[in-house]
Amino acid sequence: MNILRLVLIAALGFSCAVQAQVSSTLALTSEYQTRGIGYSGNKPALSMSLDWAGESGLFVGAWATNTDSYESGNPYDDGANIEIDLYGGYNGQLENGLRYGVIGYYYTFPSTNYNINYPEIGFSLGYGNFNTYFYYSNDMISTSQSSQYVAADYTFNLPLKVDLTLLAGHSFGEYFRDPDLTGGHEYTNWEVALKRSFGPVNTKLSWVDTDLSGRFHNSGEYLRNDGRLIFTVSHTF
């Protein structure tokens, strides 16, 4: 948590000290999912971000969306229907074209039945159309259990201004090794996404899936993790 606070404070301070660019992105998606898991009850989600980016590479921002992970009355229902993420970090690039970045997140869920807020820090390396990522939390969903996530993606620039992105990731750590306590289980997720912009409107059609099976496989309405298509339309202004 101390590392996250330092990243957020530094990004906010430096972004205010230098000339910064302010932007906001409004997005509508057929399902809010992250790392292959659905978090909007298999229903559409509306999200919006507000970002400040300094010329030095430092940035800070906030992102909000509707969320719904459990059916009303479920004993595990946390009551969360809004997620607000605060983040800040730094992106840089070397003369040889190697990109690098660090980002700190604090995920918050206002008005829940119990505390499920938690921090996470991420690191990235990229070159050309290839990117790698590593994320770590010491308190995943306020369970006092650590979690890690590694991922990589590659983007092919196709004709007609279409981009094809292939992504694969793996979630592991203490949180995923104690399913009786957390309900989580170590797993791999992947995504195949087609992206194209039509003027100011950005579109994305994704196929997402995981290797979760047995009692951890879920093709139902909540916390869905089976293969499915997800469509997103967004605009940045």
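The table below gives the values:
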| item | result |
| --- | --- |
| Region 54-69, subset under 14 Å from Gly88 (Cα atoms) and surrounded by 18 or more Cβ atoms within 10 Å (Cβ to Cβ), residue modelled with the lowest pLDDT | Gly54 |
| Residue that is closer than 21 Å to Thr34 by Cβ and either outside any strand (DSSP E or B) or free of Cβ contacts under 8 Å to residues at least 60 places away in the same chain (or both), where the choices are Ser47, Ser56 | Ser47 |
| Subset of region 207-229 (residues that are in contact with a Lys or Arg (Cβ under 9 Å, 6 or more places away or on another chain), modelled with pLDDT of 95 or more and either crowded, with 18+ Cβ neighbours inside 10 Å or in a loop (DSSP other than H, G, I, E, B) (or both)) | Val208, Thr210 |
| Members of region 66-112 that are touching a residue at least 40 places away in the same chain (Cβ under 8 Å), part of a strand (DSSP E or B) and among the hydroxyl-bearing types (Ser, Thr, Tyr) | Tyr87, Tyr90, Tyr105, Tyr106 |
| Tally, over region 116-140, of residues that are of a type in the set (Phe, Trp, Tyr) and either under 15 Å from Glu174 (Cβ atoms) or over 15 Å from the mean Cα position of the chain (by Cα) (or both) | 5 |
| Scope region 133-169; condition of a type outside the set (A, V, I, L, M) and farther than 28 Å from Ser69 by Cα; matching residues | Tyr154, Thr155, Phe156, Asn157, Pro159, Lys161, Asp163 |
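The values are calculated or read from the model by the stated rules, or taken from the named source; none is laboratory data. Every value quoted in this text rests on a predicted model; they were computed, and no experiment measured them. Counting neighbours? That spans all protein chains shown, and the Cβs are built from the backbone with ideal geometry, glycine included.
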